[in-house]
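Please treat every number below as a calculation from the coordinates, not as lab data. All figures in this text were calculated on a predicted structure; none of them were measured in a lab.
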Amino acid sequence: MDVLQGEELIWTGHPSWRMLMIYYVKYTIVSLIPAAIWVALNAVMNNPPSSAIFFGLTVVALICTYVIGWLRLRTTTYNLTSTRIHVRTGIVSRQEHSAQLTRVQNVNVSQTMFQRLLGIGDVDWDTAGTEEASSEFRFRGVDDPSRLSRIVDERLHDAETRA
């Protein structure tokens with residue numbers, strides 16, 4: 001993201017590696033399903049199908065899980081400047097969303113139980129005049145989301161005081 005003239009970069013980040021941990025645990029379990037199916041078939045059948053296909057699918061699923069998770073982490077960038085918020089995602093096809101900080105009406109922080117345990121959370125920005133789903137401003141899985149919310153609240157309060 002290019003910082004405009006007179007604009008100051010306040011905060012920049014990516015989803016936390018701890019958010020990636022939640023993703024990896026969930027999809028590693030899903031990736032093990034083909035191997036579990038083979039184990040079940042082996043237990044109930046006298047002549048089960050070849051294990052190579054099932055374990056091959058498991059290995060491919062595990063590789064895809066770890067590569068996709070890492071790419072999602074590295075290709076998502078969140079920026080907060082003195083005048084706007086900006087979300088950039090994607091590597092092959094890129095999406096960028098930006099909104100003026102003065103259009104922010106609400107800043108919502110949400111944390112699942114696992115996110116709270118890991119000290120991460122989601123920061124959702126409600127902006128004026130953006131009803132489209134494609135104009136969603138959500139910083140997912142950031143470290144210390146309450147601190148980021150306080151930074152924005154302070155900036156907005158300072159701007160109101162000056163006005």
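Evaluating 6.51 cos²θ - 1.76 cosθ + 1.60 at θ = phi - 60° for every residue in the stretch 109-126, the Karplus couplings come out as 10, 10, 9, 6, 4, 5, 5, 4, 4, 8, x, 10, x, 10, 10, 10, 9, 8 Hz, glycine and proline recorded as x.
DSSP finds beta bridges in the chain, and of those with both partners inside it, around 100 percent are antiparallel. For the stretch 76-157, the direction-averaged projected area of the alpha-carbon convex hull comes to 5.7 nm². Taking the square roots of five times each eigenvalue of the Cα gyration tensor of the stretch 17-73, the equivalent ellipsoid has semi-axes of 28, 11, 4 Å, listed largest first. Its alpha carbons considered, the stretch 1-151 gives a radius of gyration followed by a Dmax of 20.5, 74 Å.
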